[in-house]
1. Could you please give the count of residues in region 34-50 that are more than 15 Å from Ala16 (Cα to Cα) and in contact (Cβ under 8 Å) with a residue 24 or more places away in the chain?
2. Only one residue in Gln24, Gln31 is in a helix (DSSP H, G or I), surrounded by fewer than 11 Cβ atoms within 10 Å (Cβ to Cβ) and either free of Cβ contacts under 8 Å to residues at least 40 places away in the same chain or touching a strand residue (DSSP E or B) at 6+ places or on another chain (Cβ under 9 Å) (or both). Which one?
3. Taking Asp82, is it at pLDDT 65 or above, exposed (fewer than 14 other Cβ atoms within 10 Å of the Cβ) and either in the same structural domain as Asp28 (by TED's automatic domain parsing) or not polar (S, T, N, Q) (or both)?
4. For residues in region 113-157 being surrounded by 13 or more Cβ atoms within 10 Å (Cβ to Cβ) and charged (D, E, K, R), which is nearest to Gln48 (Cα to Cα)?
Amino acid sequence: MQAAYDLYGGELFGFAFKALDDRQLAEDVVQETFIRAWRSPRGFDPEQGSLRTWLFAIARNGVVDAMRRRKVREGPGVSSWDAVSESPSAFDAVDQLLDRIQLGEALERLSPQHREAVVEVYFGGRTCAELGADLGISASTMRSRLYYGVRSLRLILEENGWLAP
């Protein structure tokens, strides 16, 4: 647990702090994340994702719990929590970060050629013809790499439960 904390504690704190905008609550979420991980080590399956992803999923649940506790403490009436809870933006930011982590890990599992095609075309805004010309290969070969790269990426995301089949 100490090694995991050394690797991911700061990143998890930033994640929780950004979602909660409260230093103490963020520290509590990080502490609770590692306690939950320590108590349930069988919940981690390296074939489903990395330790980092698993810890972020636990932290996301901790953030949601902290938001709920804060709402209960503030009691009835209009509060700062009501403004946050009525809009999904607080949860969206947390979910978006978790999605980016999961997508990054899935991309790492692709072959270098497929990863390059997917990243450059979908995230870099390039066409297959442009990328193929830069790499000295035909546009049809690049389209094929893109097709199989996206197909493999979808399978990886589905396999890990990160995308509905």
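1. In the first step, residues of region 34-50 are kept if they are more than 15 Å from Ala16 (Cα to Cα); the result is 35-50.
If we keep only those that are in contact (Cβ under 8 Å) with a residue 24 or more places away in the chain too, we end up with 36-38, 48-50.
The total comes to 6.
2. Unique residue meeting the criteria: Gln24.
3. Numbers: at pLDDT 65 or above: no; exposed (fewer than 14 other Cβ atoms within 10 Å of the Cβ): yes; either in the same structural domain as Asp28 (by TED's automatic domain parsing) or not polar (S, T, N, Q) (or both): yes.
Answer is no for this residue.
4. First pass over region 113-157, keeping only residues surrounded by 13 or more Cβ atoms within 10 Å (Cβ to Cβ): 113-122, 126-133, 135, 137-139, 141-150, 152-157.
Next cut, charged (D, E, K, R) only: 115-116, 120, 126, 130, 143, 145, 154.
Details: Arg115: 19, Glu116: 23, Glu120: 26, Arg126: 31, Glu130: 35, Arg143: 29, Arg145: 25, Arg154: 14 Å.
The residue in question is Arg154.
The values are calculated or read from the model by the stated rules, or taken from the named source; none is laboratory data. Quick caveat, the model's predicted, so the values are computed rather than measured. With ideal geometry, Cβ positions are generated from the backbone for all residues, glycine too; neighbour counts draw on all protein chains shown.
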